[in-house]
Amino acid sequence: MALPSDFALLGIVCWIGYEVLLRRREFAAAGTWQADDRDRGSTRLLIVCFVATGVINTVFNSTATAQLPIPVRWFGIAVLAGGLALRAWGMRTLSQYYTRTLRTVDGQRLVQEGPYRLIRHPGYCGSLLVWIGYSLGLGSWAATLIVAALLTTAYLWRISTEERLLTAAFGPAYADYRERTKRLVPYVF
């Protein structure tokens, strides 16, 4: 196994560590996996996609087909690291308002600082970067393309669901925020 593969696995361990640490937070809403109807199954969908991503990478990287050049694999590790940083920054900025499932909490305000100045969903963007970088780091174009398509589709469902929730919770303030920011890529999308 090449060194980029080791770093890719370490990156996923870090990503999982973020989730484990959330369970230990003092804010009960952040740690629960219990979703209500507002979640529209998006939490379960993401969990299934994460498991599928692991299987896809195992299958495609256990064969000798289409191994990416080492510089491309290191680029994947850089993408993964950037995704971890962005996700951590978004989680830290949301602080007590960060939750695993879609919900609002009492007294919640609309966060518009940190990475939220430019994009509405930095945690999702960060996770996409992590998993795409992971697949690149492991070395398969096919796995990378499948993972990117699968998780982008799942996160777009999640985003549409979350934006319904936030529009209902914050009304015109969220509509104004949507006009000023992009979903995942600053100034683009």
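Would you call residue 96 open to solvent by 30 Å² or more (accessible area, probe 1.4 Å) and farther than 30 Å from residue 162 by Cβ? Spelling it out, it is not the case that residue 96 is open to solvent by 30 Å² or more (accessible area, probe 1.4 Å) and farther than 30 Å from residue 162 by Cβ. In the set (1) part of a helix (DSSP H, G or I); (2) modelled with pLDDT under 95; (3) among the hydrophobic types (A, V, I, L, M, F, W, C), the condition left unmet by residue 77 is number (2). Could you say whether any residue in region 121-140 is farther than 15 Å from residue 11 by Cα, free of Cβ contacts under 8 Å to residues at least 60 places away in the same chain, in a helix (DSSP H, G or I) and not charged (D, E, K, R)? There is at least one residue in region 121-140 that is farther than 15 Å from residue 11 by Cα, free of Cβ contacts under 8 Å to residues at least 60 places away in the same chain, in a helix (DSSP H, G or I) and not charged (D, E, K, R). Number of residues in region 136-148 that are more than 12 Å from residue 50 (Cβ to Cβ) and either open to solvent by 60 Å² or more (accessible area, probe 1.4 Å) or under 14 Å from the mean Cα position of the chain (by Cα) (or both) equals 4.
Would you confirm, using the coordinates I've provided, whether residue 84 is of a type in the set (A, V, I, L, M), out of contact with any Lys or Arg (no Cβ under 6 Å at 6 or more places or on another chain), crowded, with 22+ Cβ neighbours inside 10 Å and touching a residue at least 24 places away in the same chain (Cβ under 8 Å)?
Working: of a type in the set (A, V, I, L, M): yes; out of contact with any Lys or Arg (no Cβ under 6 Å at 6 or more places or on another chain): yes; crowded, with 22+ Cβ neighbours inside 10 Å: no; touching a residue at least 24 places away in the same chain (Cβ under 8 Å): yes.
So residue 84 does not fit the description; no.
When 184, 165, 151 are checked against the criterion of being open to solvent by less than 50 Å² (accessible area, probe 1.4 Å) and outside any helix (DSSP H, G or I), 184 stands alone in meeting it.
The values are calculated or read from the model by the stated rules, or taken from the named source; none is laboratory data. Because the structure is predicted, anything quoted here is derived from the model rather than measured. Positions of Cβ are backbone-derived with ideal geometry, glycine not excepted, and every protein chain shown enters the neighbour counts. Quick note on the areas: whole protein, heavy atoms, side chains included, nothing else; ligands and nucleic acids left out. Shrake-Rupley method; radii C 1.70, N 1.55, O 1.52, S 1.80 Å.
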